[in-house]
1. Of all residues being free of Cβ contacts under 8 Å to residues at least 24 places away in the same chain and not in a strand (DSSP E or B) in segment 101-125, which is surrounded by the most Cβ atoms within 10 Å (Cβ to Cβ)? Just the residue, please.
2. Given the options Ala86, Ala129, name the one that is surrounded by 19 or more Cβ atoms within 10 Å (Cβ to Cβ), closer than 23 Å to Leu165 by Cα, aliphatic (A, V, I, L, M) and at pLDDT 95 or above.
3. Return only the number of the condition from (1) closer than 28 Å to Met233 by Cβ; (2) free of Cβ contacts under 8 Å to residues at least 40 places away in the same chain; (3) in contact with a Pro (Cβ under 9 Å, 6 or more places away or on another chain) that Tyr435 does not satisfy.
4. So Leu67 fits all but one of (1) more than 20 Å from Tyr12 (Cβ to Cβ); (2) under 32 Å from the mean Cα position of the chain (by Cα); (3) aliphatic (A, V, I, L, M); what number is the exception?
5. Looking at segment 305-328 only, could you name the residues that are acidic (Asp, Glu) and either open to solvent by less than 10 Å² (accessible area, probe 1.4 Å) or under 20 Å from the mean Cα position of the chain (by Cα) (or both)?
6. Six or more apart or on different chains, Cβ atoms under 7 Å: show the pairs whose first residue is in segment 325-338 and farther than 17 Å from Ile483 by Cβ and among the charged types (D, E, K, R) and whose second is in a loop (DSSP other than H, G, I, E, B) and modelled with pLDDT of 95 or more.
7. With the condition being hydroxyl-bearing (Ser, Thr, Tyr), I'd like the strands (runs of 3 or more DSSP E) fully within segment 325-418 carrying at least 2 qualifying residues.
8. I'd like the full set of residues that are of a type in the set (Lys, Arg) and either surrounded by 14 or more Cβ atoms within 10 Å (Cβ to Cβ) or not in a helix (DSSP H, G or I) (or both), limited to segment 173-208.
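The values are calculated or read from the model by the stated rules, or taken from the named source; none is laboratory data. Everything quoted here is computed from the prediction, not taken from an experiment. Cβ placement follows ideal geometry from the backbone for every residue including glycine, while neighbour counts extend to all protein chains displayed. These accessible areas exclude ligands, DNA and RNA; they are computed on the full protein's heavy atoms, side chains included. Shrake-Rupley method; radii C 1.70, N 1.55, O 1.52, S 1.80 Å.
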Amino acid sequence: MVAMHFFTKSKYITAVKCPKALWLSEHKPEAAEDTFNEHPLAEGVEVGELARRYFGEYEFVEYRSNLMEMVKETERLLASGAAVIAEASFIYNGLFCSVDLLRKTSLGYEIIEVKSGTKIKDIYKDDIAFQYYVLSSSGLNITGAYLMHLNKNYIRNGGLDLQELFILTDYTEGIVSEQKYIVKKIQYARNIAEQNNEIEVSLSDCPNIKECVFSAYCKKELPSPSIFDIAGMRNDKKQKYFADGVESFEDVLYKAKLNEAQTKQVKAELNDVEYIEKESIKAFLDKVKYPVYYIDFESVKYAVPRFDGINPYKEIPFQFSIHVQDCENGDLKHYSFLADAGRDPRREFAEKLCEIIPKNVNCIVYHKSAEIRMLMPLAEMFPDLREHLLNICENIVDIEEPFRKKDYYCKAMKGLSSVKVVLPALFPNCPELDYNNLEGANNGLAASHAFWGMDKMSEDEKEKTRKELLEYCKLDTFAMVKIHEKLKIILD
């Protein structure tokens, strides 16, 4: 049997975002960077499964590699009079789409597109418009087109209230108006996909230059580094400079308006020099008094709130690592906490933190806004711990400060100040400080995703993941110890 190729909704949406991305995905898919991440898929599945229950009972069309089988199953369910069909699938004139929810009404059918985010994006209109065109052209009377997304203001209290968890927004009027243009837009997209010659889109006009998986491919002819590697500059500003002929760092230095930090980045790259502002570094170090508690938190966000008092994507701390040094050059003591998956970790997290960290001691963190962002809600939530938690906040010293201000800077930092960039720049070829040598999670996002799925793991998988998370978070605080030592050595 010869496989049939259809022009899908996802291809159309890619073309709307960037026609060159569609052409590359069809003709040079190997040029895409591998950014696959299972977590968003798992999160989307969780939201989608809940959304299907919004209207009550429903029928579900299972995915099949043979798309025609999905269409036939949909036809059978329509003929049976199904009230709600999840993943109802249609083909019209070589176009294919599946509908998250297709709801029968007394007048016809409603299309409901489900998104796992809390914000409405312009591209969603194009998404629904494609579905409306395919379904109405297939003979269905479409009476409404809706977007369903998570309600950021919903706070769980007991069982999930799906009517409150989701917001249903009526897109019908705009989608009907869009039908005047949809045929030409679809044909344009199909022509792009089918043509042999690579389509050209200037980087100055690229709408998604930061997130696109083909970004590196499209920049391959640029000098390295280029204007697009300047840290702390908006993408639209970089694109404007590029349109004016500013490409290399030499161009940037003489033709672009840079702040002090950006100027240091460019000059360090061009001249291979280090910047060491000793007076500023000394002023920073003078703020640190022993004993010192080096602390780092890890947090998780659930699209669907799992615990009471939490709204979608609320940041919840689930782990910390603490290295303690009582005096300069003293021995290190290490403490750690990692919550049990499936339980609300906040109370235990806060209690353990207050047990280990006394009041009025210096707490060194890296990028203090993250820790403060998690401590403040805990202080509000637990009045009996409020004074202690706020005291920790008040005594935080941010060791990112000298690097963020470029008081210490070298070209290996590439204009950035995150610990994942600063640490290897300060300690190149040091295995014990190399995050890449860790098994499993080796960055904050990976740690968050690992904990998110732990309650669904087997006991062996849980134990393995726990060990990996503990090692990762421990390295975060040990890294701060070593960075602190390095700053002191610089002044000797």
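1. Lys121
2. Exactly one residue qualifies, and that residue is Ala86.
3. (2)
4. Of everything listed in (1) more than 20 Å from Tyr12 (Cβ to Cβ); (2) under 32 Å from the mean Cα position of the chain (by Cα); (3) aliphatic (A, V, I, L, M), Leu67 misses just condition (1).
5. Within segment 305-328, just Glu315 meets the criteria.
6. Asp326/Tyr290; Asp326/Pro291
7. Passing ranges, in order: 332-338.
8. So in segment 173-208, the residues of a type in the set (Lys, Arg) come out as 180, 184-185, 190.
Correct list: Lys185, Arg190.
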